[in-house]
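The values are calculated or read from the model by the stated rules, or taken from the named source; none is laboratory data. The model shown is predicted, which means the values in this text are computed figures rather than measured ones. Quick reminder, even Gly has a Cβ in these numbers, built from the backbone with ideal geometry, and neighbours come from all protein chains shown. The accessibility values were calculated without ligands, DNA or RNA, using every heavy atom of the protein model including side chains. Shrake-Rupley method; radii C 1.70, N 1.55, O 1.52, S 1.80 Å.
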Amino acid sequence: MLKDLPIIAIATAHGSAGVGVIRISGKELLPLMLNLFKKELKERIVHYLNLTDIDQEIIDKAIVIFFKSPRSFTGEDVLEIQCHGGMVVQHQIIDTCILKGKDIGLRLANPGEFTRRAFLNGKIDLIQAEAISDLINSSSIAAARSAIKTLSGSLSSIINDISSEIINLRVLIEANLDFPEEDISNLQKKEIIISLESIKIKLIKLVSKVSDSLILKNGINIVLAGQPNVGKSSLLNALSEEEIAIVTPLAGTTRDKVSSAIYIKGILVNIIDTAGIRNSNNIIEKKGIEKSWEAIKNADIVLHVIDSNKRDEDTELYISKKIPEHTHIIKIYNKSDIIDKKNGNYCDGILVSSKNGNGLDLIKKRNTKKITSSSSNEDSFSTRERHYYAIKEALEHIEVAMSYTQENFLLDILAEELRLSHIELCNITGQFTSEDMLEKIFSSFCIGK
Ligand SMILES: Nc1nc2c(ncn2[C@@H]2O[C@H](COP(=O)(O)OP(=O)(O)OP(=O)(O)O)[C@@H](O)[C@H]2O)c(=O)[nH]1
Ligand SMILES: [Mg+2]
């Protein structure tokens, strides 16, 4: 099968560099080794060798290391060639290897194929495979740190522990499945309830950790929202210290979402400016306002910007009420530099001036508090949305199971809900993952990974 043939790819980034690494993986690479180097290489020893083309012309002098199956990244025989990092040299080596490896069917690797083989050969689970990609693509030190932790198995071990607890409970329940309810002792019922409770608590903790980790990985979205002309765009410019958004004295200036990315405590923060919210008959402005609400819906934090000189409490209330409940809202009273009398009530928010910069540090401080509380670095994993949703599903099945321990103790339903919960967790680690899902996950990797 094409899938099982040996593969080759450049593992390092494309372009010129001091060194380039070419990786070859296959079930049995001895024939290729003999063709390339005229000898069998000892495993895990650094060899300094001439690489020649089929006319025996030297292409490059390279360091070659042989990792014998199963003691390699992919679990197969692996040859790692560290050559000079020019693209021409590397492509010449690849062409020569494919020619000399014709007999064993050597071909170019597809995206993520090395990692996929490592997964299929049981060297890593699916969470760890994804963590490799996250480590390579991490956008901050904190994200890289959690990726390496996840690669070392921290998330996998928590999921495996919960899975074992579910399996033990399934064994207990299924052993009693053929007995009528009245034959199950109260002691056993109590044991089942305690165990379900313990699984539920662990899953709740995990959902919250995974959700916080997603913030660390994808960054946090802070949306500037409010009525027109209150100074949202001015605030975006002031916070990002750049003239990104257009500012004019005219209400209704911003029509589209405008965003800027900054780092707070090593976490990527996307600040998004939106069109001012008001009743408008202008078709373009109306579209802009629709986009404002869409941005608010997807926000982690909303900075509700208010002109401290021109309060319109009805509209303020309308906006506050329409912001989804779970969203963290901070009221920002802007234009403090021209405030008439400081007798307004601003204690439920932060008084700032995007003109002279007063209060901006307070905004950053308040957000930092929220950001760091949702992503304490020591505790976070490298996670994906699919992990989050699967853990939530697993939790829901446990909750349904628990509802069947109240009046009627229906063991067959309990067993089924536990089975479904277990499948969700196995999907995360890859034990039961479908071929389609694997295709989707590994095709997002780069070639050579
Ligand atoms: N004095 C003072 N004026 C400000 C401040 N912030 C903004 N302005 C002025 O208020 C006007 C509107 O500012 P923008 O930043 O465009 O307001 P906006 O909320 O983005 O307005 P829309 O895009 O129309 O929704 C401009 O004339 C700004 O110079 C401030 O802190 N103090
Ligand atoms: Mg604006």
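Key figures
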| item | result |
| --- | --- |
| One residue from D212, D273 being under 30 Å from S380 (Cβ atoms) and at pLDDT 95 or above | D273 |
| Residue ID - farthest from ligand 1 (Cβ to nearest atom), chosen from residues in the stretch 242-267 that are within 20 Å of the chain's Cα centre (by Cα) and open to solvent by less than 40 Å² (accessible area, probe 1.4 Å) | G266 |
| Any hit, the stretch 51-67, residues being assigned to a strand (DSSP E or B), of a type in the set (S, T, Y) and out of contact with any Asp or Glu (no Cβ under 7 Å at 6 or more places or on another chain) | yes |
| Residue list for the stretch 300-311, filter: open to solvent by 20 Å² or more (accessible area, probe 1.4 Å) and more than 20 Å from N270 (Cα to Cα) | N309, K310, R311 |
| Members of the stretch 271-287 that are of a type in the set (K, R) and open to solvent by 100 Å² or more (accessible area, probe 1.4 Å) | K286, K287 |
| Filtered residue count, the stretch 185-214, keeping only those that are open to solvent by 30 Å² or more (accessible area, probe 1.4 Å), of a type in the set (S, T, N, Q) and touching a Phe, Trp or Tyr at 6+ places or on another chain (Cβ under 7 Å) | 1 |
| Pair list, Cβ under 6 Å, 6 or more apart: the stretch 93-111 residue assigned by TED's automatic domain parsing to the domain that holds L29 and basic (K, R), other residue part of a helix (DSSP H, G or I) and open to solvent by 40 Å² or more (accessible area, probe 1.4 Å) | K100/N35 |
| Count of residues meeting criterion [open to solvent by less than 30 Å² (accessible area, probe 1.4 Å) and among the polar types (S, T, N, Q)] in the stretch 336-350 | 1 |
| Some residue of the stretch 281-290 being in contact with a Ser or Thr (Cβ under 9 Å, 6 or more places away or on another chain) and near ligand 1 (Cβ under 10 Å from one of its atoms) | yes |
| Any pair with Cβ under 6 angstrom, 6 or more apart, that starts in the stretch 150-169 at a residue that is more than 20 Å from E393 (Cα to Cα) and open to solvent by less than 60 Å² (accessible area, probe 1.4 Å) and ends at one that is hydrophobic (A, V, I, L, M, F, W, C) and modelled with pLDDT of 90 or more | T150/A131; L151/A131 |
| Residue count for the stretch 215-241, restricted to those that are open to solvent by less than 60 Å² (accessible area, probe 1.4 Å), part of a loop (DSSP other than H, G, I, E, B) and within 16 Å of ligand 1 (Cβ to nearest atom) | 5 |
| Residues of the stretch 97-117 that turn out to be within 16 Å of V21 (Cβ to Cβ) and either touching an Asp or Glu at 6+ places or on another chain (Cβ under 9 Å) or hydroxyl-bearing (S, T, Y) (or both), as a count | 1 |
| Filter result for I267 (at pLDDT below 95 and either touching a Cys at 6+ places or on another chain (Cβ under 6 Å) or assigned by TED's automatic domain parsing to the domain that holds S320 (or both)) | yes |
| Filtered residues of the stretch 312-335 (kept if modelled with pLDDT under 90 and either open to solvent by 60 Å² or more (accessible area, probe 1.4 Å) or within 17 Å of L362 (Cα to Cα) (or both)) | E325, H326, H328 |
| Residue in the stretch 242-258 that is nearest to ligand 2 (Cβ to nearest atom), counting only those that are under 9 Å from D273 (Cα atoms) and in a loop (DSSP other than H, G, I, E, B) | T254 |
| Pairs, first at positive phi in the stretch 423-449, second among the basic types (K, R), C-beta under 7 Å, six or more apart | G448/R23 |
| Where S195 falls short, out of the listed (1) closer than 21 Å to S320 by Cβ; (2) more than 16 Å from ligand 2 (Cβ to nearest atom); (3) not in a strand (DSSP E or B); (4) not aliphatic (A, V, I, L, M) | (1) |
| Residues within the stretch 395-449 that are closer than 21 Å to L203 by Cα and touching a helix residue (DSSP H, G or I) at 6+ places or on another chain (Cβ under 6 Å), tallied | 23 |
